[in-house]
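Asker: Take this structure, written in C-alpha cells, and hold onto it; I'll ask about it next.
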Amino acid sequence: MSVPGTLENLEVPPPTPLRRRAARIAESLLRGYGQAFFCANPLSGALFALAILVGSPAGFLLSLVGLISATAAARFLRPDPLLERSGLYGFNGLLVGLCWGVFREQTPAGIALLAVAAALTAPLTAGSARILSRPSLDLPVLCLPSLAILYALLFAVRGLPGFEVTPGYLVWELDKIDLDVTGRLSRGEEVDWAAVRTAVTGDGAVMILLFLGVLVHSRILAGSAAGGLALSLAVSWLAGGNYALWNGALHHHVSIPLAMAIAGFFFALNPASVALAVLAVVVGVPAWHSLSTTLLAAGLPAWGTPFAAVCLTVLALDRIAPGLAARLGLARIPLAWAGRPEESAEWNRRFRFARRFWNEVEELRPGPAADGAERRLVQILLRSRRIVAFTGAGISTESGIPDYRTHEIAWKKYDARHFRFENFIASEESRGLYWEMSEDFFHLLRHAAPNGAHVALAELERLGKLERIVTQNVDRLHQRAGTSLARVIELHGNEMSVSCLACGKRYDRAEVHRWIEGGVRVPYCLGCQGILKPDSTAFGQPMPLEASRAALEAVAACDCLLVLGTSLEVQPAAYLPWKAKSNGASLVIVTKTPTRYDIHADVVLRENASAVLRDAVARLKMLMPLLDGVG
C-alpha cells in the first residue's frame with residue numbers, strides 16, 4: 001500500500017522535446033571530445049575535456065568554441081545521424097580550437113575567425129568521409145579536415161596584425177617549456193630543470209585523466225595506450241635522452257593514438273596488430289621529430305600531421321596488399337564496424353571464420369584436375385540463394401539417352417520431315433513414322449536411370465539453393481532423381497504422357513505403348529477419335545505457353561543460372577541465359593562443346609555435368625555447416 005507524499009507516489013514528468021534536444025547536443029559534444037582518442041563515449045569525452053582544462057584553461061575554452069561551431073554547422077548539412085551522434089563532425093572543430101593557441105594573442109576577431117574555421121571543417125569532414133569511406137578505400141577521415149583548414153588559414157593570415165604565430169603544438173604549458181628548453185639547449189644556455197619538472201608533473205595529471213577516459217570506454221584501447229606510451233618513452237629516451245623522454249606533444253599526438261589506432265581500433269587485437277603498432281610507433285617517433293623540425297623551420301607547427309601520415313600509410317598499404325596482410329595475420333576492421341574493440345571482436349570472429357571458410361573452398365578439391373573454374377563454381381553456389389538450372393540433352397547422355405546431334409542412335413534412319421508438327425497433323429504416314437521413332441525413344445527412356453547430375457540438382461533443392469529447373473529434356477529424369485514436380489519446368493514437354501489434340505484427354509504413355517505392341521500403328525483417342533501425340537514438343541510446334549511464362553519468370557528472378565548439357569543453339573530457349581545475365585545473375589556453363597555465351601559466362605567447364613555437379617555439391621555440403629555456424 002502506498003503512502004501519500006512519499007517518493008513512491010512522485011511522478012517524474014517525461015522529458016520535454018527541448019530537454020531531449022539539449023541532451024542530444026550535450027552528448028554529441030562530449031562524444032566529440034571522446035573522438036580525440038577513438039572513444040565515442042560521453043563519459044570518456046568528459047574526462048578528456050577535464051584533461052584539457054587541467055593542461056590549459058585557455059586551450060579548453062578555444063576547443064569548446066571550435067567544437068560547438070563545427071557541431072552547429074554540421075546540423076545544417078543534414079548529416080548522417082549516426083555520424084553526427086558519434087561526435088565525428090565536432091571532433092575536427094575541436095582540433096582547430098586546440099591548435100588555435102598557435103597565435104600569440106587571442107583577440108575577438110581571432111575568436112570569430114576560429115568559429116568560422118571550425119565550422120568549415122563540418123562540410124569538409126562530410127565530403128572527405130564520402131570519398132574515403134568508399135569500399136575500395138575504406139579509410140578514416142582522422143584529423144585531415146582540421147589540418148587542411150589550419151594550414152590554409154596560416155598561409156592566409158600570415159603577416160596580418162593580431163595573427164603572429166608561435167609555432168607550438170598546443171597551448172599546453174609543457175609545450176611552451178619544450179620550446180624554451182629547445183632554444184636554450186641549442187644556444188648552450190642553462191636550462192631551468194625545476195620548471196621542467198613542474199610542467200612534467202602537470203602533464204602527468206593530464207595523462208592520468210586521458211588514460212582514465214580511455215579505460216572507461218575500453219580496456220583493450222587502454223592497454224594499447226599504455227603500451228604506446230611506454231614504447232614512446234623508451235624510443236624517445238634512446239633517441240634524445242632525458243629531455244626527449246618527457247616530450248608530451250610527441251606522446252599525446254603521435255605514439256599513443258598510433259598504438260590505439262592499430263592495436264585495437266582499425267585492426268583486431270592480435271599478435272600481428274601489436275607488432276604492427278610497435279613498428280608504427282618506432283617509425284612515428286623519428287617521423288615526428290623529422291617532420292616537426294622541417295615544419296618549424298618554415299614557421300609551421302606539426303600538430304597531428306605525423307600521426308595522420310603514418311596511420312593512413314599503414315591503412316592504405318593494407319588496402320593495396322590485402323593478401324599480404326592476411327598472411328601476416330592482420331584482421332582489418334571495416335570502418336562500419338570500427339568502434340569499441342570489445343564489440344569489434346565479433347567482426348574478428350567472423351573474419352577468422354571467413355578465412356577458414358575460403359581456405360576450405362580452395363583446399364577441398366576432387367583431385368589434381370580441379371582448377372580455378374571449379375573453385376569459382378563452388379563459391380558461386382555458396383553465395384547464391386535462387387539458383388535455376390537450365391538443362392539440355394547433354395545432361396542425360398550419361399544416362400544412355402543420346403541427343404539428336406550425335407550418331408549414337410539411328411536417328412538418321414528416319415526422315416526428319418515427318419517429325420515436323422505440321423506434317424504430323426496433315427499426314428497419316430507422317431504420324432505412323434513419328435510414332436515409330438517415338439517408340440524407339442520411349443524404349444530408351446524406360447530403361448534410363450538418373451545420373452549424378454540429376455541427383456546433384458535434387459540435392460541442391462534439399463539444401464535450399466535450387467529454385468527451379470528449366471529443362472529442354474523430355475525424359476523426366478529430374479523428377480525420378482527426387483526433384484519436386486513443382487520445381488521442374490518442362491520447356492519441351494515430356495514423352496511419358498500422351499494427349500488428344502482434339503479433346504485434350506491425357507493417357508499414360510505405358511498404356512499407349514501397350515496398344516502399339518498389340519499391333520496399333522497410329523493410336524487415336526478412345527473418346528473422340530482425335531489425333532494422339534506424345535506431350536513432347538515436335539519440331540515446328542509452339543512451346544507450351546504456361547511453361548514458357550514460368551521459365552521466363554524463374555530465369556529473370558534467379559541469382560545464378562546453371563547451364564548444363566546444352567549447346568544453346570535452339571531458339572527461343574537459347575535466349576534464356578542472356579536474360580539471366582542481363583538481370584545480374586551469375587552464369588555457369590557446363591557442357592562439352594563451346595557455346596556462343598561462353599564469353600559472357602562467369603564459369604565455363606568443358607566436362608561432363610555429372611562429375612562437375614557431384615563434386616561441387618559435395619564440397620558445398622561440407623562448407624554450408626560452417627556458414628550456418630556464423631551468427
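The values are calculated or read from the model by the stated rules, or taken from the named source; none is laboratory data. Note that the structure is predicted; figures quoted are calculated from it, not measured. All Cβ positions, glycine included, derive from the backbone under ideal geometry; neighbour counts span all protein chains shown. With ligands, DNA and RNA removed, areas are computed over all heavy atoms of the protein, side chains included. Shrake-Rupley method; radii C 1.70, N 1.55, O 1.52, S 1.80 Å.
Asker: Given a cut-off of 23 Å, name the pairs among K465/K581; K465/K592; K465/K579 whose C-alpha atoms lie farther apart than that in the structure shown.
Answerer: Values: K465/K581 18 Å; K465/K592 25 Å; K465/K579 20 Å.
As for pairs spanning more than 23 Å Cα to Cα, those are K465/K592.
Asker: Set the Förster radius R0 to 22 Å, insert the Cβ-Cβ distance between L545 and N583 as r into 1/(1 + (r/R0)^6), and round the FRET efficiency to 0.05.
Answerer: Numbers: r = 22 Å, r/R0 = 0.99.
With R0 = 22 Å, the Cβ-Cβ based efficiency is 0.50.
Asker: Going by accessible area, probe 1.4 Å, with all protein chains left in place, what is the ranking of Y151, Y89, largest first?
Answerer: Y151, Y89
Asker: Take the Cβ-Cβ distance between V216 and R19 as r, set R0 to 25 Å, and report the resulting FRET efficiency rounded to the nearest 0.05.
Answerer: Details: r = 25 Å, r/R0 = 1.00.
The pair V216/R19 has a calculated efficiency of 0.50.
Asker: Residues of the stretch 485-524 with amide nitrogen under 15 Å from the 7 Å Cα-to-Cβ point of E428?
Answerer: Zone members listed by number: 520-524.
Asker: What is the stretch 413-473 by shape, rounded, prolate or oblate, if you read a ≥ b ≥ c off the alpha carbon gyration tensor as root eigenvalues and call it rounded for a/c under 1.5, prolate for a/b larger than b/c, and oblate otherwise?
Answerer: On the way: a/c = 4.70, a/b = 2.44, b/c = 1.93.
It is prolate, given that a/c is not under 1.5 and a/b is the larger ratio.
Asker: Arrange the residues K579, K621 by how much accessible surface each exposes, largest first, with a 1.4 angstrom probe. Mind showing how you got there, number by number?
Answerer: Numbers: K579 60, K621 95 Å².
Result of the area sort, largest leading: K621, K579.
Asker: Hey, another quick one. Keeping all protein chains in the complex and leaving out DNA, RNA and ligands, what accessible area do you get for L295 with a 1.4 Å probe, in Å² to the nearest 10?
Answerer: Its accessible surface works out to 30 Å², give or take rounding.
Asker: Once you put a point 7 Å from the Cα of A486 and another 7 Å from the Cα of Y151, both along the Cβ direction, what distance in nm separates them?
Answerer: 6.5
Asker: For a label point 7 angstrom out from the Cα of L160 toward its Cβ, which stretches of the stretch 301-329 have the backbone nitrogen within less than 20 Å?
Answerer: 301
Asker: Also, quick follow-up: Solvent-accessible area of T294, probe 1.4 Å, all protein chains present, reported in Å² to the nearest ten, please.
Answerer: Accessible area, nearest 10 Å²: 90 Å².
Asker: Please give me, ordered by residue number, the trypsin sites (Lys or Arg not before Pro) of the stretch 461-518 that lie in loop per DSSP and have at most 15 other Cβ atoms within 10 Å. Before the final figure, lay out each step's value.
Answerer: Values: sites: R462, K465, R468, R476, R480, R487, K505, R506, R509, R514; in loops: K465, R476, K505.
Passing both the DSSP loop test and the Cβ count: K505.
Asker: In what order, largest first, do F211, F424, F91 sit by accessible area if the probe radius is 1.4 Å? Please report the intermediate quantities before stating the final value.
Answerer: Working: F211 80, F424 0, F91 20 Å².
Ranked from most to least accessible, the order is F211, F91, F424.
Asker: Under a plain spin-label model, where a point goes 7 Å from the Cα along Cα-to-Cβ, how far apart in nm are I111 and Q571?
Answerer: For I111 paired with Q571, the spin-label model returns 8.0 nm.
Asker: I320: accessible area at probe 1.4 Å, nearest 10 Å²?
Answerer: 130
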